[in-house]
Amino acid sequence: MSHTRTIALGSALAATLLMSGCGAEVESGGDAKAAEKVTVKRCGEPVSYRVPERAVAYEGGSADKLFSLGLTKHVAGYVMPPANPPVSESPWASEYAKVKMLSDDLLNKELVVEAKSDFVVAGWNSGFSDQRGITPKILDKLGIQSFMHTESCFNYPKYPQKVTPFDALYSDLERLGKIFRVEKKAERVVDGLKKRVAAVEEKAPAGGDPAPVFLYDSGTDQPFTAGSQVPPNDIIKAAGGRNIFDGLDERWTQVNWEAVTKAEPEVVIIFDYGDQPAKKKIEFLKKSPHTKELPAVRKNNFFVLDYNEGISGPRNIDGLEKFGKYLRELKR
């Protein structure tokens, strides 16, 4: 499921990831090296890249990845649909302020061309879309480079790639580091994220069965939720819980209420975005005959996960740290 289709804070990262400031930390070789091409995989497809100078990022996850690597000077602008929380909430708010907001709508080819972009970062089906006429292949023909979130490569035609969500995040940062020739910076950022994940895993509740967790995205007749191929699955697992739909080899997907009821979740994660606040979603779950008797609902065990903590990006680890703390304090 694409969240742009359905509608459509973490200060710790700042200290961990902004170690060398905001400017691009291009490593030795200067202009000559930047002019050379380097081969990096776009999903499963090897692609030759030159160093981008006018990148366009679609949604917070894409922009955050670039900003966390100190690449602000290489970013021409960003596209931020209304589903996204304000960029002022980002650990990189000061970097967003330095580049142009190109649109508050969905990504499209005309916008990219008008921005004179030479590089577009987005996800497959969320951002890049056959239906909307903006795909890596279309951009290739226009001479515009592109990069896709590895997490979204699960069902990319001809060149799929299946990687666990956190590993996909690390892979993206490493690949972007190679494309922009800031490999050492990328290595430091990834190492920092991995250490934070390990710290949460070490403190996760031990003994007994992991708490069953249901992520509620949206939907009244049938709920949308997180399968095993999106970041919340790894957030839940690393924190010491169990996603009740971790057996679904899917990304964002539709299920039925009967399956939710049968799983008896002890915690509900509310995915917070768009024009339906978390409070409204919680009110629905408390009133719906499908969910009002669930253990999590009866005990008021709700955890709100911010949109940018749930889509692929460095803020996933902010979400993990918050949810890890929540689970450790949960009375079962």
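Miscellaneous remarks
- Restricted to region 136-151, and to residues there that are part of a helix (DSSP H, G or I) and touching a Lys or Arg at 6+ places or on another chain (Cβ under 7 Å), the residue that is surrounded by the fewest Cβ atoms within 10 Å (Cβ to Cβ) is Ile138.
- Restricting the first member to region 135-157 and to residues that are under 18 Å from Val51 (Cβ atoms), and the second to residues that are in a helix (DSSP H, G or I), the beta-carbon pairs closer than 6 Å and six or more apart or on different chains are Ser146/Pro136; Ser146/Leu139.
- Screening region 53-69 for residues that are among the hydrophobic types (A, V, I, L, M, F, W, C) and part of a helix (DSSP H, G or I) and picking the one that is surrounded by the fewest Cβ atoms within 10 Å (Cβ to Cβ) gives Leu66.
- Taking (1) touching an Asp or Glu at 6+ places or on another chain (Cβ under 7 Å); (2) within 21 Å of Ser126 (Cα to Cα) in turn, Glu250 satisfies each apart from (1).
- Subset tally (residues that are of a type in the set (Gly, Ala, Ser), more than 30 Å from Tyr170 (Cα to Cα) and touching a helix residue (DSSP H, G or I) at 6+ places or on another chain (Cβ under 8 Å)) for region 289-332: 0
- When Gly133 is tested against (1) surrounded by 13 or more Cβ atoms within 10 Å (Cβ to Cβ); (2) under 21 Å from Arg42 (Cα atoms), only condition (1) is not met.
- Residue list for region 101-120, filter: in contact with a helix residue (DSSP H, G or I) (Cβ under 9 Å, 6 or more places away or on another chain) and either of a type outside the set (Lys, Arg) or in a strand (DSSP E or B) (or both): Met101, Leu102, Ser103, Asp105, Leu106, Leu107, Val112, Ser117, Phe119, Val120
- Tallying residues that are touching a helix residue (DSSP H, G or I) at 6+ places or on another chain (Cβ under 6 Å), over 15 Å from Ile270 (Cα atoms) and of a type in the set (A, V, I, L, M) within region 231-256 yields 2.
- None of Pro81, Pro52, Pro46, Pro91 is touching a strand residue (DSSP E or B) at 6+ places or on another chain (Cβ under 7 Å), within 27 Å of Arg251 (Cα to Cα) and in the same structural domain as Asp191 (by TED's automatic domain parsing) except Pro46.
- A single entry from Glu183, Glu187 fulfils the requirement of being within 17 Å of His74 (Cβ to Cβ), surrounded by fewer than 19 Cβ atoms within 10 Å (Cβ to Cβ) and in the same structural domain as Ala122 (by TED's automatic domain parsing): Glu183.
- Single residue of region 141-176 satisfying the filter (among the basic types (Lys, Arg) and at pLDDT below 95) that is farthest from the chain's Cα centre (by Cα): Lys158
- Hits in region 198-225 (condition: small (Gly, Ala, Ser) and in contact with a Ser or Thr (Cβ under 8 Å, 6 or more places away or on another chain)): Ser218
- Checked against (1) among the basic types (Lys, Arg); (2) more than 24 Å from Arg315 (Cα to Cα); (3) under 20 Å from the mean Cα position of the chain (by Cα), Lys287 meets all criteria but (3).
The values are calculated or read from the model by the stated rules, or taken from the named source; none is laboratory data. Quick caveat: nothing in here was measured; it's all calculated off a predicted structure. Positions of Cβ are backbone-derived with ideal geometry, glycine not excepted, and every protein chain shown enters the neighbour counts.
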